[in-house]
Amino acid sequence: MSKVVSPTLNATAETEVVRAHERDLAALGERLERRGVAIEHEIEALRGFAVAVPSWALGTGGTRFGRFPGPGEPRSLLEKLEDAAVVHRLTGAAPRVSLHIPWDVPDDPEAIRQAAAELGIGFDAVNSNTFQDQPGQAFSYKLGSFSHTDPAVRRQAVEHNLFAIEIGKQLGSNAITIWLADGSNYPGQMSLRKSFDRVLACLQDVYAALPNGWRLFTEHKPYEPALYATVVQDWGSSYLLASALGDQAQCLVDLGHHLPNTNVELVVARLLGVGKLGGFHFNDSKYGDDDLTAGSIKPYGLFLIFHELVQAERDRLPRFAPAYMIDQSHNIKDPLESLLQTVDQLQLAYAKARLVDQVALEEFQESGDPLMAERTLKEAYETDVRPLVAEARRRNGGALDPVITFRNSGYRERKAAERSRASYVPPRSL
Ligand code: RM4
Ligand code: MN
Ligand code: MN
């Protein structure tokens, strides 16, 4: 993997940066050694961390009020892959792309697979979409897809998912994520009970077509676009579906898909305990499904989630193989920079969670010492692990500081010149 070398930093300045990093790393190594932690071991573990980049997060997102696209945004799937490869090159931790079908249906899957391989990346879970109508589609999803009362609409939605699996098979994916917008805006509009049964029946049809070695992830969300009752609105509903389907089905936790103040790490612990934690859509939020940069609002919460994951890994919980994916909407930040920042935040949270003294924590839990138990977590959380993460990144061929290296590389400016604004969509009022 080639490092994107900054053309604006001169060689002396670069050497200084590397020297400073090495000194910081040595200091951290010494500190950790006093705590009985071998930094080499931690660096190697971190090098194995990987998260998938969503194809829909490479362009500027928007709200229902507007969208403000930036220069040099990708206009095609191939250009999105090109950008995703930059995230991987600079972080050494984003080797796969999660495709949204039909937003990013490849015309020629084999050619796209090859192009991705040449760029050094592959494909993660495919995401189906029955929350919008597509041009030429026979039936509308206005009143639902899998939960619709009309069997023809449900069939169409199932077929779409089978198509997404087909695409995924050709690209080398091994999972499908199903998020349904199905629900109702008003009491009385939909049978709360029967709509759920219909969703399960459709999922069973999709599950029956799941290739060997594939997983199906059910993703819940409390509200939006259905504003009164969403069919798969919470982790309990998601769990009911995944457990009715079978071992290849697991639940996906999107960090923004919880009502305010929900204890997300507790949700994660529950799903882990029953072998149904399939993976994540990482992002952060203040109020709702805000799709902000991971770790930007509740970094301690993110750490506590990783703490559950680290424990699950150590305890060798059955069926523990979480798929890490990002699901963000970059409305005002440069999408690539925000993704670089996200990967860094996830690595930091993981690195800190690994530093929790599990033995001490358990002792404090057993002896009933809440203060010392909490302090044990804080001891890890408050450790500045940035040199550790930077070193893991460097050894994976990435940059010590991906955002700065990206800015200095001139990539965005080059792409802005290369990629015309053909994809620009003029603003429309509500
Ligand atoms: C939903 C959900 C899905 C994502 C869509 C775009 O809120 O998070 O995972 O695919 O948004
Ligand atoms: Mn999501
Ligand atoms: Mn969402």
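Restricting to the stretch 232-254, count the residues that are more than 12 Å from ligand 1 (Cβ to nearest atom), open to solvent by less than 10 Å² (accessible area, probe 1.4 Å) and hydrophobic (A, V, I, L, M, F, W, C).
4
Collect the residues in the stretch 364-401 that are among the aromatic types (Phe, Trp, Tyr) and touching a Phe, Trp or Tyr at 6+ places or on another chain (Cβ under 7 Å), keeping them in residue-number order.
Result: 381, single match.
Say whether the condition of being in contact with a Gly (Cβ under 7 Å, 6 or more places away or on another chain), crowded, with 16+ Cβ neighbours inside 10 Å and β-branched (Val, Ile, Thr) is met by at least one residue in the stretch 203-222. Give the steps one after another, and end with the answer.
Step one: list which residues in the stretch 203-222 are in contact with a Gly (Cβ under 7 Å, 6 or more places away or on another chain), which gives 207, 215, 217.
Now drop any that are not crowded, with 16+ Cβ neighbours inside 10 Å, which leaves 207, 215, 217.
From what is left, the residues that are β-branched (Val, Ile, Thr) are none.
No, the stretch 203-222 contains no residue that is in contact with a Gly (Cβ under 7 Å, 6 or more places away or on another chain), crowded, with 16+ Cβ neighbours inside 10 Å and β-branched (Val, Ile, Thr).
Please enumerate the residues belonging to the stretch 207-228 that are more than 16 Å from ligand 1 (Cβ to nearest atom), in contact (Cβ under 8 Å) with a residue 12 or more places away in the chain and not in a loop (DSSP other than H, G, I, E, B).
Within the stretch 207-228, 207 is the sole residue that qualifies.
Scanning the stretch 174-185 for residues that are buried (at least 24 other Cβ atoms within 10 Å of the Cβ) and either among the small types (Gly, Ala, Ser) or on the phi > 0 side of the Ramachandran plot (or both), which turns out nearest to ligand 3 (Cβ to nearest atom)?
183
Please give the number of the condition residue 277 fails out of (1) under 20 Å from residue 181 (Cα atoms); (2) more than 14 Å from ligand 2 (Cβ to nearest atom).
(1)
Which pairs turn up if I take residues in the stretch 175-198 that are touching a residue at least 40 places away in the same chain (Cβ under 8 Å) and among the basic types (Lys, Arg) and look for partners that are more than 16 Å from ligand 3 (Cβ to nearest atom) and open to solvent by less than 40 Å² (accessible area, probe 1.4 Å) with beta carbon separation below 6 Å, at least 6 apart in sequence or on another chain?
Qualifying pairs under 6 Å: 198/147.
List the number of the failed condition for residue 89; all other conditions in (1) assigned to a loop (DSSP other than H, G, I, E, B); (2) open to solvent by 60 Å² or more (accessible area, probe 1.4 Å); (3) at negative phi; (4) not hydrophobic (A, V, I, L, M, F, W, C) hold.
(1) is the only condition that residue 89 fails.
Give me a count of the residues in the stretch 44-57 that are open to solvent by less than 60 Å² (accessible area, probe 1.4 Å) and more than 16 Å from ligand 3 (Cβ to nearest atom).
5
Taking the stretch 255-267 as the region of interest, how many residues are within 15 Å of ligand 1 (Cβ to nearest atom) and over 22 Å from residue 64 (Cβ atoms)? Talk me through it step by step, then tell me what you get.
Going residue by residue through the stretch 255-267, those that are within 15 Å of ligand 1 (Cβ to nearest atom) are 255-259, 264.
This time we only want the ones that are over 22 Å from residue 64 (Cβ atoms), so: 264.
Qualifying residue count for the region: 1.
Determine whether the stretch 239-252 contains at least one residue that is without any contact (Cβ under 8 Å) to a residue 40 or more places away in the chain, within 16 Å of ligand 2 (Cβ to nearest atom) and touching a Leu at 6+ places or on another chain (Cβ under 7 Å).
Yes; the residues of the stretch 239-252 include at least one that is without any contact (Cβ under 8 Å) to a residue 40 or more places away in the chain, within 16 Å of ligand 2 (Cβ to nearest atom) and touching a Leu at 6+ places or on another chain (Cβ under 7 Å).
Might you check whether a residue that is open to solvent by 10 Å² or more (accessible area, probe 1.4 Å) and within 25 Å of residue 227 (Cβ to Cβ) occurs anywhere in the stretch 104-114?
The answer is no, given that none of the residues of the stretch 104-114 is open to solvent by 10 Å² or more (accessible area, probe 1.4 Å) and within 25 Å of residue 227 (Cβ to Cβ).
What number of residues within the stretch 58-86 are out of contact with any Asp or Glu (no Cβ under 7 Å at 6 or more places or on another chain) and open to solvent by less than 10 Å² (accessible area, probe 1.4 Å)?
Summing the residues that are out of contact with any Asp or Glu (no Cβ under 7 Å at 6 or more places or on another chain) and open to solvent by less than 10 Å² (accessible area, probe 1.4 Å) in the stretch 58-86 gives 6.
Of the residues 226, 181, 157, 209, which is small (Gly, Ala, Ser), under 13 Å from residue 128 (Cβ atoms) and within 16 Å of ligand 2 (Cβ to nearest atom)?
Of 226, 181, 157, 209, the one residue that is small (Gly, Ala, Ser), under 13 Å from residue 128 (Cβ atoms) and within 16 Å of ligand 2 (Cβ to nearest atom) is 181.
For (1) touching a residue at least 24 places away in the same chain (Cβ under 8 Å); (2) touching an Asp or Glu at 6+ places or on another chain (Cβ under 7 Å); (3) crowded, with 22+ Cβ neighbours inside 10 Å, each residue gets a yes or a no:
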position: 343; (1), (2), (3): yes, no, yes
position: 402; (1), (2), (3): yes, yes, yes
position: 413; (1), (2), (3): yes, no, no
position: 416; (1), (2), (3): yes, no, no
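Restricting to the stretch 6-53, name every residue that is within 18 Å of residue 386 (Cβ to Cβ), in a helix (DSSP H, G or I) and hydrophobic (A, V, I, L, M, F, W, C).
Matches in the stretch 6-53: 17, 18, 20, 25, 26, 27, 28, 32, 39, 43, 45, 46.
Out of 146, 139, 123, I need the residue that is under 22 Å from the mean Cα position of the chain (by Cα) and either touching a residue at least 24 places away in the same chain (Cβ under 8 Å) or away from ligand 2 (no atom under 16 Å from the Cβ) (or both). Which one?
123
The values are calculated or read from the model by the stated rules, or taken from the named source; none is laboratory data. Just so we're clear, the structure is a prediction, and the values are computed from it rather than from any experiment. Cβ atoms come from the backbone with ideal geometry, glycine included; neighbour counts cover every protein chain shown. Areas reflect the complete protein model, heavy atoms only, side chains present, ligands, DNA and RNA absent. Shrake-Rupley method; radii C 1.70, N 1.55, O 1.52, S 1.80 Å.
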